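The values are calculated or read from the model by the stated rules, or taken from the named source; none is laboratory data. As the structure is a computational prediction, the values presented were derived from the model and not from experiment. Every residue, glycine as well, gets a Cβ built from its backbone with ideal geometry; the counts of neighbours run over all protein chains shown. Surface areas here come from the heavy atoms of the whole protein model, side chains and all, with no ligands, DNA or RNA. Shrake-Rupley method; radii C 1.70, N 1.55, O 1.52, S 1.80 Å.
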Amino acid sequence: MLKILKYSFYDLMRSRWSYVYFLFYLILGFVLLFLNNDVDKAVITLMNIIIVLTPLIGTIFGVMYYYNSKEFTELLLAQPINRRKIFMGQYFGISISLTLSLVLGLGIPFVFYGLFKSAAIFNFSLLLVVGAFLNFIFVALSYNIALSTENKIKGFGYAILMWLFLAVIYDGVFLISLIIFNSYPLDKFSLAATMFNPIDLSRILILLKLDISALLGYTGAVFRKFFGTNIGMFISMSLLVLWVVFPVLRMNLKLRKKDF
Amino acid sequence: MKCKILIFFLFISFTVSAKQIVVCKSCSVKTIKEAIKIAEDGDEVLIKKGVYKEQNIVIDKAISLIGEKGAVIDGNNEGGILIFQTNNFKIKGLKIVNVGLSYTIEYAAIKVIKGNDFIIEDCVMENVFFGILLEKSKRGIIRNNKISSNRKNEASSGNGIHIWSGEEMEVYKNEMFGLRDGIYFEFVKNSLVHDNVSHNNIRYGLHFMFSNNNTYHHNEFRNNGAGVAVMFSKFIIMHHNKFWLNWGAASYGLLLKEIYDAEIYDNLFEQNTIGINAEGSTRINYKNNTFLRNGWAIKISGACYKNVFAKNDFMSNSLDLSYNSNINDNKFDNNYWSEYTGYDLDKNGIGDVPYRPVKLFSYIVNKTPEALVLLRSLFVDIINFSEKVSPVFTPDDLMDNNPLMKRAND
Amino acid sequence: MIEFKNLHKRFGKLIVLDGLDLEINKGGIFAILGPNGSGKTTLIKCLLGMVIPNKGEIFFEKKSIHRQWAYRNNLNYLPQIANFPPNLTVIELINMVKNLRPKAANSEDLIELFGLKSFLDKKLGNLSGGTKQKVNIVLTFMFDSDLIVLDEPTNGLDPIALINLKEIIQKEKDKGKTILITTHIMSFVDEVADEIVFLLDGKIYFKGTIETLKKQTNNDNLEHAIANLIAKQYA
């Protein structure tokens, strides 16, 4: 598996898009830090970008890589290698190279800026951790979609739809249902609804650090427990891990019966 | 000659009356009560090192009560400790501990009833019910004291410095924590509160009720249950205070309720659940304040008229402003908003596009508090944007026409 | 060497293999023929473990290949479409495949033979279809395995490369290898194949030498003989 990982990784690391992605974050980081000099604001803007963009890029890279390397995958399948390892290798190759683009792209400007002296280091590393999780989650989800859809165009469409659903539509439905059922106690519902969407989950994780003063304005006991203690952080983190584990498991399950 | 004798006698009587009474375990005067009994106006009672278990010490003479280092009066949790019913007294350097708890009587470490012209300084009060309680008094100075308790709820706790009906008081450089209210003013006029630190109190760090013409400045209010409350008062000046880390469902940096004609300037509100909550507050000028990383920088809950917000910095708050109605009679001008995305083509430091500080999302959160979990979601940004383009739910005339491009109070 | 037993495979409603039985002995060149959609590629992919049959079993050197992968070390496969990671260079790809198989490889001679030397440092994405196919052939033949599976090996090759390919195939055969080929070029079959396996409707319709086929159909021309086979079926 490590060999496949290595080759997928090198392959991606050499593609133009990885550089574009890396440069994008690099420029973004420098612009945010050196043009407005306000770390708090930079972290907030970064959060908005990371939460929307990393899932999108992860999704696109995932399906694109799967379909583009289909024939090559077939060549690998004919080699004496366990097919599970081939796909796990590719999966980790993509996820790691995307994560590296993110971490280096944003990390370099922050190091230049003197992040290690600043108090924002924790918030910033949290952002990177969440971004990495989102990469792993969305590459896994898009690989699942690609594995289940033979048609490239359809697969691409489904993947983008999934992203659109999780990034925008889900929250819209969520907000509307909150408004409609206004008169019921909603704290458990709203927390649960957050857990079922990895983007919301990541957002909450960052909010726990950035906007804790607002979140503590809630009256519900469940909220207070969730936001006021480390429980919230712990639960969200473990759920993010599950969001990686389940799609990967499903991928392996699908692979057992998949014809190429 | 007669005149000389008179002067001589006056001199004698002066030196005699200004005698010093020393209290200690091995002295002839062993208790504070005994000392008070033999003291006369103008005397100094010096309390030597040691623990004195006494309660309800009534002082009705104009004396100075001075504590040596290590002098402790222990009330044994049975009632109040020092009760002054006199003018022109002074108390200094004492440590007073363990005031009794009562649900009917306001026991205090130091209680002053109808006393004028006094100084309370350098005292440490621990495990108190009420710390310093002044009733119907004037011209007192309370400085450099440290008052604390460890009570768990509002009902079983008292206030640090509690003034009921007073005038021309000056309260400064004190530290209050673990109490109900750090400082409580009710019917107090023309008084000054400055350079105090009030933190970790169960209710308010500072609380004004029906108290007009007071000023407080350079104080720090941190991590109190509900911040600072100014209620039913007029002509209060608040400046250079720091309100921070007041977190909770009903927590504010500053709560304004039914107040008129106040000046609020050069204050810092940092990381409070709500920076300022204003309810029925009219003719108030908010100038040069900094709101940094609060949940809500300002929440206007109703009936607030003719307020002016100018030259304030709103930076990285979860929500800058919340209105519970779409009527606006307040003016926002020349503030810095970190979320402002406009431009300044003529380079005059003022953005060319007005800024709308009330977002649709803050309106939704007012109606459905749980919606707050969607803060900073892409969907919320989209609906905020559409509301910005054509306001329906938020006051359409509420905007800052001259938003600053750079901070006003850097 | 290879045994297919009662192999069934369906893609949705379409039945591709329908109880196929086939035994292939060690040594010789076998051409797997059949009209489009007769299941040639599916059969090969079943053997490679890329397609999982609904029913039936496949034995490779007397061992079932179900959920196995190590047996593929003794098998070389030339896929139909050569599409490689566009960012790798030719030499990197060759080294990578070498790296992936725990087996000695001899690529130098083949690279020489197909004139790929000047392409070694080019990225695969920039190569023409024919050159890619040459790389594909190098990757297939550089290992010494008992079974060689070629899916449409002649695609896009120029005449010289084609001659080279035929030579290599002959050489491997002489070493006693078993070679499976699918192709539509009958002259190629006529030239290289020892035996023909003719697939129709998911079953083996004919298995035997070219001579037997020609005799059976009374036809001297292989192309016509095959056409005859199909026509008989539909008659």
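Once segment C:68-81 is narrowed to residues that are more than 7 Å from every other protein chain (Cβ to nearest Cβ) and in contact (Cβ under 8 Å) with a residue 12 or more places away in the chain, the residue that is most open to solvent (accessible area, probe 1.4 Å) is C:GLN68. If you go through segment A:33-68 and keep only what is in contact with an Asp or Glu (Cβ under 9 Å, 6 or more places away or on another chain) and free of Cβ contacts under 8 Å to residues at least 40 places away in the same chain, you end up with A:LYS41, A:ASN48.
For segment B:388-406, the candidate set comprises residues that are aliphatic (A, V, I, L, M) and assigned to a loop (DSSP other than H, G, I, E, B); within that set, the residue that is surrounded by the fewest Cβ atoms within 10 Å (Cβ to Cβ) is B:VAL392.
Checking the structure you have, find out if any residue of segment B:366-377 is under 16 Å from B:MET315 (Cα atoms) and either away from every other protein chain (no Cβ under 14 Å) or among the aliphatic types (A, V, I, L, M) (or both). The answer is no; no qualifying residue exists. For segment B:98-118, name all the residues that are touching a strand residue (DSSP E or B) at 6+ places or on another chain (Cβ under 7 Å) and among the polar types (S, T, N, Q). Those that are touching a strand residue (DSSP E or B) at 6+ places or on another chain (Cβ under 7 Å) and among the polar types (S, T, N, Q): B:ASN98, B:ASN116.
Being over 23 Å from C:THR41 (Cα atoms), small (Gly, Ala, Ser) and not in a strand (DSSP E or B) holds for only one residue in C:GLY156, C:GLY125, C:GLY130, and it is C:GLY125.
Looking across B:PHE185, B:PHE208, one residue alone is out of contact with any Asp or Glu (no Cβ under 9 Å at 6 or more places or on another chain), open to solvent by less than 10 Å² (accessible area, probe 1.4 Å) and of a type outside the set (D, E, K, R). It is B:PHE185. Per the conditions (1) open to solvent by less than 70 Å² (accessible area, probe 1.4 Å); (2) outside any loop (DSSP other than H, G, I, E, B), the sole criterion not satisfied by C:SER38 is (2). If I filter segment B:163-181 down to residues being assigned to a loop (DSSP other than H, G, I, E, B) and closer than 14 Å to B:SER148 by Cα, which single residue comes out as most open to solvent (accessible area, probe 1.4 Å)? Taking the candidates together, the pick is B:ARG180.
Take the conditions (1) open to solvent by 10 Å² or more (accessible area, probe 1.4 Å); (2) aliphatic (A, V, I, L, M); (3) within 30 Å of A:GLN90 (Cα to Cα); C:MET1 misses just one of them, which is (3). Does B:ILE350 satisfy the condition of being within 11 Å of chain A (Cβ to nearest Cβ), open to solvent by 20 Å² or more (accessible area, probe 1.4 Å) and aliphatic (A, V, I, L, M)? No.
The set of residues from segment C:109-136 being closer than 21 Å to C:ILE148 by Cα and open to solvent by less than 60 Å² (accessible area, probe 1.4 Å) comprises C:LEU110, C:ILE111, C:PHE114, C:GLY130, C:THR131, C:LYS132, C:GLN133, C:LYS134, C:VAL135, C:ASN136. The strands (runs of 3 or more DSSP E) located wholly in segment B:255-309 that include 1 or more residues which are surrounded by fewer than 21 Cβ atoms within 10 Å (Cβ to Cβ) occupy B:263-265, B:268-270, B:274-279, B:285-287, B:290-292.
Just for segment A:211-222: of the residues that are at the interface with chain B (Cβ under 8 Å from one of its Cβ atoms) and among the hydrophobic types (A, V, I, L, M, F, W, C), which one is farthest from B:LEU245 (Cα to Cα)? The qualifying residue farthest from B:LEU245 (Cα to Cα) is A:LEU215. Taking the criterion of being open to solvent by less than 40 Å² (accessible area, probe 1.4 Å), over 20 Å from the mean Cα position of the chain (by Cα) and more than 7 Å from chain A (Cβ to nearest Cβ), would at least one residue in segment C:96-108 satisfy it? No, that holds for no residue. Annotation: of all residues in segment B:43-73 being out of contact with any strand residue (DSSP E or B) (no Cβ under 8 Å at 6 or more places or on another chain) and crowded, with 16+ Cβ neighbours inside 10 Å, the one that is farthest from B:LYS92 (Cα to Cα) is B:GLN55. Highlighted here are the helices (runs of 4 or more DSSP H) found entirely within segment A:22-119 that include at least 1 residues which are under 17 Å from the mean Cα position of the chain (by Cα) and either under 24 Å from A:LEU166 (Cβ atoms) or within 14 Å of chain C (Cβ to nearest Cβ) (or both): A:39-68, A:83-113.
The requirement of being within 18 Å of B:LYS19 (Cα to Cα), open to solvent by 40 Å² or more (accessible area, probe 1.4 Å) and in contact (Cβ under 8 Å) with a residue 12 or more places away in the chain is not satisfied by B:LYS37.
Candidates are the residues of segment C:139-153 that are of a type in the set (A, V, I, L, M, F, W, C) and not in a helix (DSSP H, G or I); the one that is nearest to the other protein chains (Cβ to nearest Cβ) is C:VAL149. Listed here are the helices (runs of 4 or more DSSP H) enclosed by segment A:183-240 that have at least 1 residues being within 19 Å of A:LEU128 (Cβ to Cβ) and open to solvent by less than 10 Å² (accessible area, probe 1.4 Å): A:198-210. All conditions in (1) within 29 Å of A:TYR91 (Cβ to Cβ); (2) within 14 Å of chain B (Cβ to nearest Cβ) hold for A:LEU178, with the sole exception of (1). The single residue among A:LEU164, A:LEU240 that is free of Cβ contacts under 8 Å to residues at least 40 places away in the same chain and of a type outside the set (Gly, Ala, Ser) turns out to be A:LEU164. Take the conditions (1) of a type outside the set (Gly, Ala, Ser); (2) assigned to a helix (DSSP H, G or I); (3) over 19 Å from A:ILE94 (Cβ atoms); A:ASN144 misses just one of them, which is (3).
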